[in-house]
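Visitor: A single structure is presented below for examination.
The values are calculated or read from the model by the stated rules, or taken from the named source; none is laboratory data. Predicted model only: the values in this text are computed from it and were never measured. Because the Cβ atoms are built from the backbone with ideal geometry, glycine has one as well, and the counts that use them run over all protein chains shown. With ligands, DNA and RNA removed, areas are computed over all heavy atoms of the protein, side chains included. Shrake-Rupley method; radii C 1.70, N 1.55, O 1.52, S 1.80 Å.
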Amino acid sequence: MVTVEIRSGAQVDVAVSDVTAFYRHGWHSWSETRWLDPATRPTVVTVPERRPFADDPVHATRPVHGGSAVGAVRTTGGGVILLGALGLGGRVELDGGALVGRFEAGSGDWLVARGTERETFDRYAMALAERLGHRPRNHAVTMWSSWYSFYAGISEDVIGTLVDDVAGLGFDTFQVDDGWQQAVGDWWPNDRFPSGLAGLGKRIADRGMRPGLWIAPLIARSDSETFAKHPDCFLRDEYGAHVFAGHNWGGPCHALDTTHPASEELLAAAIGPAVEAGFTCLKLDFLCAAALPGQRHDDVPREVAYRRGIEAIRRIAGDDVYLLACGAPIVASLGVFDGIRIGPDVAPWWEQRDTTRYLHDVTVPNARYAVATSLHRLWLGSIIDTDPDVAYFRRRHCLLDDDQRAALQDLARIAGFRATSDPPAWLDPAERAALADFVRHQPFVEQLGGHRYRIDGREVDFTAVATEPPAFYDWHPDGF
Ligand code: 9PG
């Protein structure tokens, strides 16, 4: 039996005892999310520059276990006690004998649920949907994405051939990922796309698929035209310097101040042309940047500022465009997006042990922690489409073994979001048949308990990958 109570306050404490495990919920899509042993030291990502894209950098070196919006404990009897924020900017820590929930600014409501893991998380999801809204849900998504095969090395020719090859497989959406744009921040096509966005969208739609496009509308590279023209629209720190929002694509990026009056214009410039060109699915990436700490035009809490930005994006895109969030604060994104990435990037390898072991960073591209993190976010599936990232069918250009590829495929079936980046031309006939079946066949999924599922009568057990903790090397007595 589940019991639920609503508490209010800037801080709430829920006494807990006989704790065997703590559920740590990472801030955004890529952040580490799992049940952990409370006797272990909290993970501190070794390289400071990586911290914003590993988890919330504000709490990166906290000495106690904690997570974003929600936390839970499992007790010796097997029951679960969950404490979850019903507003933005909440954090839950396990501090001595209590789950402690705090809002970063102001006050709000909290849900306390006691019961089984499934019951307590289901109740939290329902309460979030009530408070933050939810989008109409229709069907399971199937998507072909260009990222995990061609990365940024795409062109009109490469995409054109792929569209033709993928067309017969039955995917709903063909998503053009990073690489089409002039620069991160300058959201117009580069010279590898001479027919422009309209030509690209039409090419996909003509082959019966929904055109999808990757955009990172809340960041700009420091050498982009947009950043040079509108420096005041970007987030600054207390010294007036632009906040560092990640280092990708060979240079630092900055984050849009979504409370700045001119920011909506920049969002319209990023999103509008794609929608006009017929892209009815947008994968919006690196979104957490707009919720980094900094000085904003309007002095509002950072997740409130983020929410303003994504609500503006929804207004610009309209109600009919499928918006997929990536690198996004999870709870603050609910009600605005149709789908959300629930783990770090997969990769055609299982684990990058040097990075996990020595840098304490499980959020770099790797299949193992992508599976583990996504498994711990499936409870979101009742309120938003949950994207566990792509599955691999190919053995070409892939170091995953058969079991590892099967784990990714089955996770996609369970999550109800079936995607791949495998070019049909890279597949042998058996792999191609397996991919075609994956796309066209809507499986019947039952959860048997914990991380065990039944898919079309076949039992699938994720317990080992979900529960085996990462082996971190302790650099320093303080764990840094
Ligand atoms: C395109 C990619 C793909 C992918 C996204 C995202 O921490 N990082 O520096 C970091 C870089 C890239 C990244 C995630 C994290 O990948 O998840 O699917 O769209 O961008 O650049």
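Visitor: Would you check if there is a residue in the range 464-478 being modelled with pLDDT of 95 or more and over 26 Å from Thr356 (Cα atoms)?
Guide: no
Visitor: Could you list, in sequence order, all residues of the range 82-106 that are modelled with pLDDT under 95 and open to solvent by less than 40 Å² (accessible area, probe 1.4 Å)?
Guide: Result: no residue meets the conditions.
Visitor: Does Val44 qualify as being at pLDDT below 95, among the hydrophobic types (A, V, I, L, M, F, W, C) and either out of contact with any Cys (no Cβ under 8 Å at 6 or more places or on another chain) or more than 17 Å from Glu5 (Cβ to Cβ) (or both)?
Guide: When the stated conditions are applied, Val44 passes them.
Visitor: A further question follows. In the range 379-480, which strands (runs of 3 or more DSSP E) lie fully inside it and hold 2 or more residues that are more than 22 Å from the chain's Cα centre (by Cα) and more than 16 Å from Met143 (Cβ to Cβ)? First the steps, then the outcome.
Guide: Numbers: elements: 385-387, 417-420, 445-449, 452-455, 458-461.
It comes to 445-449, 452-455, 458-461.
Visitor: Just wondering, is there one or more residues in the range 409-416 that are within 19 Å of Thr161 (Cβ to Cβ) and modelled with pLDDT of 95 or more?
Guide: no
Visitor: Now, a different point. Examine the range 67-81 for a residue that is at pLDDT 95 or above and basic (Lys, Arg), and state whether such a residue exists.
Guide: For the range 67-81, residues at pLDDT 95 or above and basic (Lys, Arg): present.
Visitor: Among (1) farther than 21 Å from Asp55 by Cα; (2) charged (D, E, K, R); (3) open to solvent by less than 10 Å² (accessible area, probe 1.4 Å), there is one condition Arg396 misses while meeting the rest; what is its number?
Guide: (3)
Visitor: So how many residues does the range 269-278 have that are β-branched (Val, Ile, Thr) and buried (at least 24 other Cβ atoms within 10 Å of the Cβ)? Walk me through how you get there before you give the answer.
Guide: Start the filter on the range 269-278 by keeping residues that are β-branched (Val, Ile, Thr), which leaves 271, 275.
Add one more test, that the residue is buried (at least 24 other Cβ atoms within 10 Å of the Cβ), and what stays is 271.
Selection size over the range 269-278: 1.
Visitor: Find the residue count for the range 221-251, including only residues that are within 16 Å of the ligand (Cβ to nearest atom), open to solvent by 60 Å² or more (accessible area, probe 1.4 Å) and modelled with pLDDT of 95 or more.
Guide: Residues that pass the stated criteria total 1.
Visitor: Let me ask something else about it. Using beta carbons and a limit of 7 Å, which pairs, at least six apart or on different chains, have the first residue in the range 294-314 and among the aromatic types (Phe, Trp, Tyr) and the second one at pLDDT 95 or above?
Guide: Hits for this filter: Tyr306/Thr258; Tyr306/Ala290; Tyr306/Ala291; Tyr306/Pro329; Tyr306/Ala332.
Visitor: Among the strands (runs of 3 or more DSSP E) confined wholly to the range 7-80, which include 3 or more residues that are surrounded by 22 or more Cβ atoms within 10 Å (Cβ to Cβ) and more than 16 Å from the ligand (Cβ to nearest atom)?
Guide: Per the criteria, 19-24, 66-68, 70-75.
Visitor: Somewhere in the range 104-116, is a residue assigned to a strand (DSSP E or B), basic (Lys, Arg) and over 24 Å from the mean Cα position of the chain (by Cα)?
Guide: Step one: list which residues in the range 104-116 are assigned to a strand (DSSP E or B), which gives 108-115.
With basic (Lys, Arg) added as a condition, the list becomes 114.
Subsequent filtering for residues that are over 24 Å from the mean Cα position of the chain (by Cα) retains 114.
Looking through the range 104-116, at least one residue is assigned to a strand (DSSP E or B), basic (Lys, Arg) and over 24 Å from the mean Cα position of the chain (by Cα).
Visitor: Just to verify a result, which residue in the range 147-185, among those that are out of contact with any Pro (no Cβ under 9 Å at 6 or more places or on another chain) and within 20 Å of Pro388 (Cβ to Cβ), is farthest from the ligand (Cβ to nearest atom)?
Guide: Out of the qualifying residues, it is Gly170.
Visitor: Inspect all residues belonging to the range 153-166 and state whether any of them is at pLDDT 95 or above and assigned to a strand (DSSP E or B).
Guide: no
Visitor: Further question on the same structure: If you go through the range 202-223, how many residues are within 25 Å of the chain's Cα centre (by Cα) and of a type outside the set (A, V, I, L, M, F, W, C)?
Guide: 6
Visitor: Based on this model, can you work out whether Ala255 counts as within 16 Å of the ligand (Cβ to nearest atom), at pLDDT 95 or above and more than 20 Å from the chain's Cα centre (by Cα)? Explain how you work it out, then say what you get.
Guide: Values: within 16 Å of the ligand (Cβ to nearest atom): yes; at pLDDT 95 or above: yes; more than 20 Å from the chain's Cα centre (by Cα): no.
So Ala255 does not fit the description; no.
Visitor: Taking Val465 as meeting all but one of (1) buried (at least 18 other Cβ atoms within 10 Å of the Cβ); (2) hydrophobic (A, V, I, L, M, F, W, C); (3) over 16 Å from Arg377 (Cα atoms), write down the number of the exception.
Guide: Among (1) buried (at least 18 other Cβ atoms within 10 Å of the Cβ); (2) hydrophobic (A, V, I, L, M, F, W, C); (3) over 16 Å from Arg377 (Cα atoms), the lone unmet condition for Val465 is (3).
Visitor: Quick one: Phe472 ticks every box in (1) more than 25 Å from Val45 (Cβ to Cβ); (2) buried (at least 18 other Cβ atoms within 10 Å of the Cβ); (3) touching a Ser or Thr at 6+ places or on another chain (Cβ under 8 Å) bar one, so which box is it?
Guide: Against the list (1) more than 25 Å from Val45 (Cβ to Cβ); (2) buried (at least 18 other Cβ atoms within 10 Å of the Cβ); (3) touching a Ser or Thr at 6+ places or on another chain (Cβ under 8 Å), Phe472 comes up short only on (1).
Visitor: Select from the range 196-220 the residues that are closer than 13 Å to Gln181 by Cβ and away from the ligand (no atom under 15 Å from the Cβ) and write down the one among them that is surrounded by the most Cβ atoms within 10 Å (Cβ to Cβ).
Guide: The residue in question is Leu200.
Visitor: List pairs: first residue in the range 1-27 and free of Cβ contacts under 8 Å to residues at least 12 places away in the same chain, second residue open to solvent by less than 20 Å² (accessible area, probe 1.4 Å) and among the basic types (Lys, Arg) anywhere in the structure, Cβ distance under 8 angstrom, at least six positions apart or on different chains.
Guide: If the second residue must be open to solvent by less than 20 Å² (accessible area, probe 1.4 Å) and among the basic types (Lys, Arg), no pairs are left.
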